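Read the structure below first, then the notes.
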Amino acid sequence: MRNIGRAVAAQLIVFAVTYGALRLRTNAATAGFAFLITILGIAVMTDLATALISSVVATLCYNYFFFPPIGTFTIEEPANWAALISFFIASLVASRLVLRARTQAEHAEARRREVEALYALSIDLFTATNRVGALGEAATRALSNAGAHGGGLVLFGNGVYDQRVLSWSGPKGDEVEDLVGGAGRHKRTLEIPAPFGRDVYLPLNIGGKVVGVLAARGTTATLRALESAATLVALAVERERFLAESAHMQALREGDALKTSLLRAVSHDLSTPLTAVALQIERLRSIVDGPAAATVDEIAEHTGRLRRRIENLLAMARLEARNVVPRPEPTPAADLFRAVREHLPLVVRNRQIEVRVAADCPDVFVDPSLALEILANLIENAHQASPIETTIELCAYRHPLDPEQVRLEVSDRGPGLATGAAETSDTPRRGLGLEIARSLGNASGGNVTLANRTGGGAIARIDLPVAHLPAVDEVPA
Amino acid sequence: MTPRPRILIVDDDDGIRTTLEQHLVVHGFDVVVARDGIEGMELFTSMQPDLVLSDLAMPRADGFELIRRIRATSETPIVVLSVRGGDVDKVRALDLGADDFVVKPFSTPELLARVRAQLRRSRIALRNQMEFPDLSIDLEKRKVVQGGREVRLTPTELSILDLLARHAGRPVSFNEIIATVWKGAQGTSNDTVRVHVGALRRKLEPDSSNPQYIVTEPWIGFRFIAEPV
């Protein structure tokens, strides 16, 4: 309707120019220029159809009023035909050029607006995504800039139907969830005709994974502009996720640092008084004798056990706090046995301990501290479980069934395990020590098991990986 | 009469300081005590001890700082008292110049053995002939005799044995072994050292189940444990 009105107005202008030219009694050439300028003006102001109609009307008026015979649509002189056709072509071409220039200017203006909107969106997204809710607000502004009448940002959790609406404006019918899910599942943009343009559902794709959907409802913006906005929003979603993970990692690191300093402090504060107690007990032992000496020995034994428990708990706490990770290295089994005997002086003093390491036994690949704790616990268990006059045997050999394992054994001549207890549960006397040994064994990449021993008693077995050392050339002496 | 060796004890714990002092005095040492690294450094300068026994965790200047300051001017043996699980601290202390460590809670015999080994160190460092129980090492003749039998060693094994025996009682790090025996040759790894030491032990140790001469020092290197005769 508006276009028809504009076309009629354009023709009225042509008639007005004709009237003016006639009143001023201009010649044909002057009138032709006046018509041409009028057509250019109409082309600038209106659309192509109006400009074309105006060209035809102007040509007819030009012919009717200014080429002899005047008042007819015929032309006597052939030269005037040429003038009239030239005028018509010139007016058509000029109209077309003017309109094309105007269209290009309009497109350029639209692209400028889109780029400005995207720039504003990128600023919104990347300066404020560490603020709660900023992402949703930015997405709403992006949709508003794209001329959308509604829509919002929906993020996916576990799967495309686990949807979290971060922001939404306008009505949201039941079909929206399916459309959002469809765009996410097929990883493709959905365009659906709507009263004010169309509804567009744009998947937010990061590295091949769709993390959500940007829905622009009732928009006339170009698909390219909407997809650019979706890419920016996807990057911002990823950035926000990364920032959240980073904050989480920072909190973990700070927690670990706190645990480390606590463990260090506890370790120092427990070890120092225990050392003082142990030294005082030794001093007492050197100055008392008789029944008092036996009491001192008993105190020493209990202190030693307390020390071992504290060391166990600290070792497990360090592992659990990831304060230390096991640091395995090639270790000869004989050195482990020697170290554990040095570590348990009270057991060694009162008990015969026999050590046998097979000649072909390879080194063990184990964290020596953990292996020491495991062996110490198992030997203390054996010591408590078996009569003092019996021998505790420590053996090491290559596993008979698995050449990639070394088996360490702690054997005693105690009562052994209750029927059915082997390999599964423990007798009370072996409870905590064995549990600790098992936990530390698992942390060392090994396995601790308990079995009854032929001829009476129990065998604790620790299977640990073989250390692989390089072949080295040796020069004979 | 031989003068009594003087030992400087640096520890912030009153109980440890007092007890250690009593033990060391009973076993024939002169003892001076300090509560932290700063007091320790002052006493070190004024008293010129033969050995320093220092804790690592202390207020004001800690044990690491004390080691650094002492090593700037002196080669006096330093033994540090470390807590179990403090392997990183041990390695750091050794790298800074400490000679040995004992792990708390320790026993008196263990501590005395470490102290004596360090005091002995300078006396055997320059000898070409070394005698240990059932073991004699003659470097001039390149001859090693264990339990009356001559042990034939490769040049590499002999160099390692020489280095470890000269530092008897003290941990010798992988880096030190590689620097001395292989002259720091690139491509020599800790595992290469382990293989050669393993071969040396098989030839040297009369009972592989109960090593008498060389044991591993976890994450650090090896220690020659026999005491010189």
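The values are calculated or read from the model by the stated rules, or taken from the named source; none is laboratory data. As the structure is a computational prediction, the values presented were derived from the model and not from experiment. No Cβ is skipped: glycine too gets one built from the backbone with ideal geometry, and neighbour counts run over all protein chains shown.
Laid out as a table, the results:
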{"item": "Residue among A:Ser246, A:Ser271, A:Ser261 that alone is part of a helix (DSSP H, G or I), loosely packed, with under 14 Cβ neighbours inside 10 Å and within 14 Å of chain B (Cβ to nearest Cβ)", "result": "A:Ser261"}
{"item": "Residue within the stretch B:9-24 that is within 22 Å of B:Phe106 (Cα to Cα) and more than 14 Å from every other protein chain (Cβ to nearest Cβ) present", "result": "no"}
{"item": "Residue count, the stretch B:172-194 (criterion: within 11 Å of another protein chain (Cβ to nearest Cβ), surrounded by fewer than 19 Cβ atoms within 10 Å (Cβ to Cβ) and either in contact (Cβ under 8 Å) with a residue 60 or more places away in the chain or not small (Gly, Ala, Ser) (or both))", "result": "3"}
{"item": "So A:Asp269, is it of a type in the set (D, E, K, R) and over 27 Å from B:Ala57 (Cβ atoms)", "result": "no"}
{"item": "Hits in the stretch A:170-190 - residues which are surrounded by fewer than 15 Cβ atoms within 10 Å (Cβ to Cβ) and not basic (Lys, Arg)", "result": "A:Gly170, A:Pro171, A:Gly173, A:Asp174, A:Glu175, A:Asp178, A:His186"}
{"item": "Filtered residue count, the stretch A:231-262, keeping only those that are in contact (Cβ under 8 Å) with a residue 40 or more places away in the chain and either of a type outside the set (S, T, N, Q) or closer than 21 Å to A:Ser122 by Cβ (or both)", "result": "10"}
{"item": "Test: residue in the stretch B:142-162 that is away from every other protein chain (no Cβ under 13 Å), over 22 Å from B:Leu53 (Cβ atoms) and assigned to a loop (DSSP other than H, G, I, E, B)", "result": "yes"}
{"item": "Any hit, the stretch A:315-322, residues being within 9 Å of another protein chain (Cβ to nearest Cβ), in contact (Cβ under 8 Å) with a residue 24 or more places away in the chain and surrounded by 14 or more Cβ atoms within 10 Å (Cβ to Cβ)", "result": "yes"}
{"item": "Index of the failed condition, A:Val277 passing every other in (1) without any contact (Cβ under 8 Å) to a residue 12 or more places away in the chain; (2) within 14 Å of chain B (Cβ to nearest Cβ); (3) surrounded by 13 or more Cβ atoms within 10 Å (Cβ to Cβ); (4) over 51 Å from the mean Cα position of the chain (by Cα)", "result": "(1)"}
{"item": "Residues satisfying the stated conditions in the stretch A:67-101, i.e. buried (at least 16 other Cβ atoms within 10 Å of the Cβ) and either touching a residue at least 40 places away in the same chain (Cβ under 8 Å) or not in a helix (DSSP H, G or I) (or both)", "result": "A:Phe67, A:Ile75, A:Asn80, A:Ala83, A:Phe87, A:Ala90, A:Ser91, A:Leu92, A:Ala94, A:Ser95, A:Val98, A:Leu99"}
{"item": "Criterion: more than 7 Å from chain A (Cβ to nearest Cβ), touching an Asp or Glu at 6+ places or on another chain (Cβ under 6 Å) and free of Cβ contacts under 8 Å to residues at least 60 places away in the same chain - qualifying residue of B:Arg223, B:Arg202", "result": "B:Arg223"}
{"item": "Matching residues, the stretch B:90-106, being within 14 Å of chain A (Cβ to nearest Cβ) and either basic (Lys, Arg) or touching a residue at least 12 places away in the same chain (Cβ under 8 Å) (or both)", "result": "B:Lys90, B:Val91, B:Arg92, B:Phe101, B:Val102, B:Val103, B:Lys104, B:Phe106"}
{"item": "Within the stretch A:324-359, tally of residues that are more than 30 Å from A:Asp256 (Cα to Cα) and facing chain B (nearest Cβ under 7 Å)", "result": "9"}
{"item": "In the stretch B:91-112, residue nearest to A:Arg285 (Cα to Cα) [restricted to those that are at pLDDT 85 or above and not in a helix (DSSP H, G or I)]", "result": "B:Val102"}
{"item": "From the options B:Gly28, B:Gly15, residue that is of a type in the set (Gly, Ala, Ser), within 26 Å of A:Ala265 (Cβ to Cβ) and surrounded by fewer than 17 Cβ atoms within 10 Å (Cβ to Cβ)", "result": "B:Gly15"}
{"item": "Search result, residues across the stretch B:37-61 that are part of a loop (DSSP other than H, G, I, E, B) and either buried (at least 20 other Cβ atoms within 10 Å of the Cβ) or at the interface with chain A (Cβ under 10 Å from one of its Cβ atoms) (or both)", "result": "B:Pro49, B:Leu56, B:Ala57, B:Met58"}
{"item": "Flag for A:Ala371 being part of a helix (DSSP H, G or I), under 50 Å from the mean Cα position of the chain (by Cα) and at the interface with another protein chain (Cβ under 8 Å from one of its Cβ atoms)", "result": "no"}
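So that you can scan it fast, the table gives a plain yes or no per residue for (1) of a type in the set (Gly, Ala, Ser); (2) at pLDDT 85 or above:
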{"position": "A:Asn350", "(1), (2)": "no, no"}
{"position": "A:Phe365", "(1), (2)": "no, yes"}
{"position": "A:Ala385", "(1), (2)": "yes, yes"}
{"position": "A:Ala437", "(1), (2)": "yes, no"}
{"position": "A:Leu450", "(1), (2)": "no, yes"}
